[in-house]
Amino acid sequence: QGYTCEKGLRVGHYQNDPHRLTAPLRRRPDGTFEEIPWDVAIAEVAARFQDVIAEHGGHRILFYGGGGQGNHLGGGYGGATRAALGIQFTSNALAQEKTGEFWVDGQLFGRSSCHTTGDYERAEVAVFWGKNPWQSHGFPQARRILKEIANDPTRVLMVVDPRRTETAELALQSERGIWLRPRPGGDAHLLAAMLATLVEEGLL
């Protein structure tokens, strides 16, 4: 079956949006912006980098990149940029949203660089903790698979989320669906209780 991610379907919207930036902008003293030529912008940014390096050293600069989901060009110039500026420290968007996944992969498979995904198509119980795959499309064919789980009386769709998301709504409409709504900050207690129940009742 074919499948198109929402992000791809929205490319035209961003590409043709009338408010899309098409030139560098320099902030004026009054807070407004003015367009400037690319060569001027590059020269000014380079000069500011040189000032920072001269006063503090390149090791005081953090190179922060994207997660690579939509643009892999950073991998081509990132290393050269860090070397030229003397940058020692780097991070990216995945450091905020994927650290837990990488850690678990490292514990399960011996290295954290592998990327795994749940076998939701065949799962008897699918648990989505703090995520809304109906909108985020965290796995291929997400909406079709979520509906299949929700409509199957032999399977369980469980959502743990303070928000009543679209995925949580689907769970509530399911015969065996579960929506748990922990208080913010209570996730760890809920997970600990669930793990304790698995151990105490010999369900592992």
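Can you find a residue that is hydroxyl-bearing (Ser, Thr, Tyr), over 20 Å from residue 100 (Cβ atoms) and touching a Leu at 6+ places or on another chain (Cβ under 7 Å) anywhere in the stretch 158-175? Give the steps one after another, and end with the answer.
Of all residues in the stretch 158-175, those hydroxyl-bearing (Ser, Thr, Tyr) come to 165, 167, 174.
Applying the additional criterion that residues be over 20 Å from residue 100 (Cβ atoms) yields 174.
In the following step, the residues that additionally are touching a Leu at 6+ places or on another chain (Cβ under 7 Å) were identified as 174.
Yes: one or more hits.
When residues of the stretch 113-122 are filtered for being within 21 Å of the chain's Cα centre (by Cα) and modelled with pLDDT of 80 or more, how many remain?
If we filter the stretch 113-122 for residues that are within 21 Å of the chain's Cα centre (by Cα), which is where we start, we get 113-120.
Keeping just the survivors that are modelled with pLDDT of 80 or more gives 118-120.
Qualifying residue count for the region: 3.
Within the set of pairs 6 or more residues apart or between chains, which connect a residue that is under 30 Å from residue 10 (Cβ atoms) inside the stretch 46-74 to a residue that is part of a loop (DSSP other than H, G, I, E, B) and at pLDDT below 95 with Cβ atoms less than 8 Å apart?
From residues that are under 30 Å from residue 10 (Cβ atoms), the pairs are 65/93; 66/93; 67/93; 67/98; 74/66; 74/68.
Which one of these does residue 89 not meet: (1) within 29 Å of residue 143 (Cβ to Cβ); (2) touching a residue at least 12 places away in the same chain (Cβ under 8 Å); (3) of a type outside the set (Lys, Arg)?
Among (1) within 29 Å of residue 143 (Cβ to Cβ); (2) touching a residue at least 12 places away in the same chain (Cβ under 8 Å); (3) of a type outside the set (Lys, Arg), residue 89 violates only (1).
Of the residues 95, 84, which is within 17 Å of the chain's Cα centre (by Cα), assigned to a helix (DSSP H, G or I), free of Cβ contacts under 8 Å to residues at least 60 places away in the same chain and on the phi < 0 side of the Ramachandran plot? Steps first, please.
Numbers: 84 fails: within 17 Å of the chain's Cα centre (by Cα).
From the options 95, 84, the qualifying one is 95.
Determine which member of the set 81, 90, 117, 165 is closer than 30 Å to residue 55 by Cα and out of contact with any Lys or Arg (no Cβ under 8 Å at 6 or more places or on another chain). Let's see the steps before the verdict.
Numbers: 90 fails: out of contact with any Lys or Arg (no Cβ under 8 Å at 6 or more places or on another chain); 117 fails: closer than 30 Å to residue 55 by Cα; 165 fails: closer than 30 Å to residue 55 by Cα.
The unique qualifying residue is 81.
Looking only at residues that are out of contact with any Lys or Arg (no Cβ under 9 Å at 6 or more places or on another chain) and not in a helix (DSSP H, G or I) in the stretch 62-78, which one is modelled with the highest pLDDT?
Filtering the stretch 62-78 down to residues out of contact with any Lys or Arg (no Cβ under 9 Å at 6 or more places or on another chain) leaves 62, 64-66, 68, 71-78.
So of that shortlist, the ones also not in a helix (DSSP H, G or I) come out as 62, 64-66, 68, 71-73.
Values: 62: 94, 64: 88, 65: 80, 66: 72, 68: 61, 71: 64, 72: 69, 73: 73.
Selected residue: 62.
Working carefully through the options 11, 40, 52, find the one that is aliphatic (A, V, I, L, M) and under 30 Å from residue 137 (Cα atoms).
Only one candidate qualifies: 11.
Looking only at residues in the stretch 137-187 that are surrounded by 16 or more Cβ atoms within 10 Å (Cβ to Cβ) and small (Gly, Ala, Ser), which one is farthest from residue 116 (Cα to Cα)?
For the stretch 137-187, the residue satisfying everything is 174.
Please find, among 125, 104, the residue that is aliphatic (A, V, I, L, M), within 30 Å of residue 147 (Cβ to Cβ) and in the same structural domain as residue 139 (by TED's automatic domain parsing).
Numbers: 104 fails: in the same structural domain as residue 139 (by TED's automatic domain parsing).
Answer to the check: 125.
Which count do you get for residues in the stretch 96-134 that are of a type in the set (Gly, Ala, Ser) and exposed (fewer than 13 other Cβ atoms within 10 Å of the Cβ)? Break it down stepwise before answering.
The first filter runs over the stretch 96-134 and keeps only residues of a type in the set (Gly, Ala, Ser), leaving 100, 106, 110, 112-113, 118, 123, 126, 130.
Okay, now just the ones that are also exposed (fewer than 13 other Cβ atoms within 10 Å of the Cβ), so 100, 110, 113, 130.
Total meeting the criteria: 4.
The values are calculated or read from the model by the stated rules, or taken from the named source; none is laboratory data. Predicted model only: the values in this text are computed from it and were never measured. In this analysis, Cβ positions are derived from the backbone assuming ideal geometry, glycine residues included, and neighbour counts consider all displayed protein chains.
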